[in-house]
Structures are given as structure tokens and as C-alpha cells.
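Structure, as C-alpha cells:
The values are calculated or read from the model by the stated rules, or taken from the named source; none is laboratory data. Only a predicted model underlies this, so the values are computations on that prediction, with no experimental measurement involved. Quick reminder, even Gly has a Cβ in these numbers, built from the backbone with ideal geometry, and neighbours come from all protein chains shown.
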Amino acid sequence: MAVRTLPAAALAFDAVADAFDTRFGAWLSVAAQRRAVRAALAEAFPAGSHVLEVGGGTGEDARWLAERGRRVLLTDASPAMVRIAAEKLASVDATAVVAPAEELELLAEAREAAGEAAFDGAFSNFAALNCVPDLAPVARGLARLVRPGGQALLVVFGTLCPGEVVVETLRGRRRSAFRRLARGDVPARLGGREFVVRYHRAADIEGAMRPWFRLVRRVGIGIFVPPSAAEPWISSRPRLLAALESIDRAVSRPLARLGDHVLYQFERTDAAIDGTDS
């Protein structure tokens, strides 16, 4: 689908797309957090499910799901990311298209016009939605794209991450240590490009998703497993990381709010959009 103007965050990720997997793929902290998310994805989307990914980046999770019997449509605002993802997904039952999260309703309109069925579920991993200041259009788009009873798993940055506070403070970056407490737009920089992120509060996320989705659970991702700010130090200590990963599995729900990321699992209700049937 055509995109009129790329969001600033998309331009930033375009700039780093070719080196993205090399930079982050080797980090064991990232792998540990991804395993926790994938366990939730496998549970929420049984084999045979048709799943939408929002902000799918280079296609790592889409390929993983497709290799395990799910059909996936990956969307991302960055054309360079989508190009790389499409190459990865060529041999599996998955496709990739350029579609910013803010414009999911345009995707829904195109699919409805083509007579395509709603998705069994949707997900967004590793804080892609933190690049979206307003979640309301995302929620409306998901409501049109996901069938009633379908699951939507949204993984966003936590707003109180003790691990990041400790790491950044030890490195003398006190301002970065507490950046997640900020409300509103927070400046960010990647690949020499400026953009903003928003640390969405739980109430804001849940409010944006109502009445089309009800919250099923919240899961902390990376509570004791440290954030990527601890790299490459933590990757050199795999036994310690494995122990921390085990602790995370035990406390992921009661301590969800302390995660580096937080997974919000929603279920699509039968609430209509603009007075029409879902």
C-alpha cells in the first residue's frame, strides 16, 4: 500500500536497517526477551492462525511463526526494513508490506474492499508502538482487522525498569536512567536521525483499546534479564543470564510493571466500530 510521507521514526530505522540484525541479533539479552515473547505468541496463536504483525522490522518473529505453521502479514513503516523482511520471508507463508501503525485503517479498508477475511490475531513486538504518539488510530485499525475473539499482543517499553536505572546510573548517564518517567514526547536518535518516542502508561494503552479489546493479562519481559543497555557485558555471562531468565519466568506476571518491556494481551470483543458490525 502507498505511504504518503514516512514518519520520522521510519526514516531513522531506514538508516540502520541493513545493520540492524548484526547489531542486535548477537545480544543474548535480546534473545532472552524474545524467547519470552515467542512463548506467549505460540500460546495465543495456534498453528493455522492468520496473524498480523505491526512494526515487524526485519521479520525475525514473522519468520519464526511462519516456520511453525502460522500465516503472517508483516507491516512496518520503514521501506528498508520491509525489503529485508520480504527477503527473509520468501520461503515461508508470510508476506511483508509497508504500512505505518498509524495507518492500519487504510490497510483494513483495502482488505475489506478486496473481500479478505479478518485476521485471527495481531501482535507488535519490541516497542514498535513506542514510536507512535497516539495509540487511538492503531486501536481502531486493529479493531477492523482482527476478528471477534482474536488476540492482540502488544509489547511496549515498561515505564519503570530498575535494570535500566541501575545500568545507566553506573555509566554516569543519570538523565537516561530516568527517561521512562517522562510523559509526552521524548527525543531519540538512531542512525543519525532524530525522532521521538512515547512511554505509554498502562491506563493509556488500555483506554485506547476500549471498547474493542479487553485486557486479558500483562506480562513483564525482562524484569531481571537486563535491558540492552547492559550489552555487551551481559552477553559475556551466559550462565548468569540463564539464571535471570529463569527468575523472570517465575515473576513475569506479579512484577509485570517492572519489565524492560511489558506484554499486554488483549482479546477482541464484539463491539462495533462507528455503529457497524465487527
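Within the set GLU206, GLU168, the sole residue that is more than 30 Å from ASP274 (Cβ to Cβ) and not in a loop (DSSP other than H, G, I, E, B) turns out to be GLU168. Within the stretch 171-197, the residues that satisfy the criterion of being part of a helix (DSSP H, G or I) and within 21 Å of PHE126 (Cβ to Cβ) are SER176, ALA177, ARG179, ARG180, LEU181. Can you pull out every residue in the stretch 61-102 that is of a type in the set (Asp, Glu), assigned to a helix (DSSP H, G or I) and crowded, with 20+ Cβ neighbours inside 10 Å? Scanning the stretch 61-102 gives a single hit, ASP61. The sole residue among GLU206, GLU267, GLU194 that is over 19 Å from the mean Cα position of the chain (by Cα) and charged (D, E, K, R) is GLU194. Contact map, the stretch 189-205: first residue farther than 11 Å from ALA15 by Cβ, second residue of a type in the set (A, V, I, L, M), Cβ cut-off under 6 Å, separation 6 or more or different chains; pairs are VAL197/VAL186; VAL197/ALA188; HIS200/VAL156. Within the stretch 225-278, take every residue that is aliphatic (A, V, I, L, M) and part of a loop (DSSP other than H, G, I, E, B) and give me the one that is farthest from PHE213 (Cα to Cα). Among them, the one singled out is VAL225. Return the residues of the stretch 116-135 that are assigned to a helix (DSSP H, G or I) and under 18 Å from ARG257 (Cβ atoms); say none if nothing qualifies. Passing the criteria: LEU129, ASN130. Only one of the numbered conditions (1) in contact with a helix residue (DSSP H, G or I) (Cβ under 6 Å, 6 or more places away or on another chain); (2) free of Cβ contacts under 8 Å to residues at least 12 places away in the same chain; (3) of a type in the set (Ser, Thr, Tyr) is violated by SER236, and that is (1). For the stretch 22-53, taking the residues that are in a helix (DSSP H, G or I) and without any contact (Cβ under 8 Å) to a residue 60 or more places away in the chain, the one that is nearest to the chain's Cα centre (by Cα) is identified as ARG38.
Here's the yes/no breakdown for (1) closer than 24 Å to ALA108 by Cβ; (2) among the small types (Gly, Ala, Ser); (3) surrounded by 19 or more Cβ atoms within 10 Å (Cβ to Cβ); (4) at pLDDT below 95:
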{"site": "ALA2", "(1), (2), (3), (4)": "yes, yes, no, yes"}
{"site": "ALA19", "(1), (2), (3), (4)": "no, yes, no, yes"}
{"site": "THR22", "(1), (2), (3), (4)": "no, no, no, yes"}
{"site": "GLY25", "(1), (2), (3), (4)": "no, yes, no, yes"}
{"site": "ALA36", "(1), (2), (3), (4)": "no, yes, yes, no"}
{"site": "PHE45", "(1), (2), (3), (4)": "yes, no, yes, no"}
{"site": "LEU52", "(1), (2), (3), (4)": "yes, no, yes, no"}
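Return yes when PHE119 is under 30 Å from GLY184 (Cα atoms), touching a residue at least 24 places away in the same chain (Cβ under 8 Å) and of a type in the set (Phe, Trp, Tyr) and no when it is not. Taking the combined requirement at face value, the residue does not satisfy it.
Out of VAL156, VAL138, report the one residue that is surrounded by 20 or more Cβ atoms within 10 Å (Cβ to Cβ), at pLDDT 95 or above and not in a strand (DSSP E or B). After applying the criteria, what remains is VAL138. Before we move on, is LEU255 over 15 Å from PHE157 (Cβ atoms) and surrounded by 13 or more Cβ atoms within 10 Å (Cβ to Cβ)? For LEU255, the condition - over 15 Å from PHE157 (Cβ atoms) and surrounded by 13 or more Cβ atoms within 10 Å (Cβ to Cβ) - is met. Listed conditions (1) under 19 Å from the mean Cα position of the chain (by Cα); (2) not in a loop (DSSP other than H, G, I, E, B) are all met by HIS200, apart from (2).
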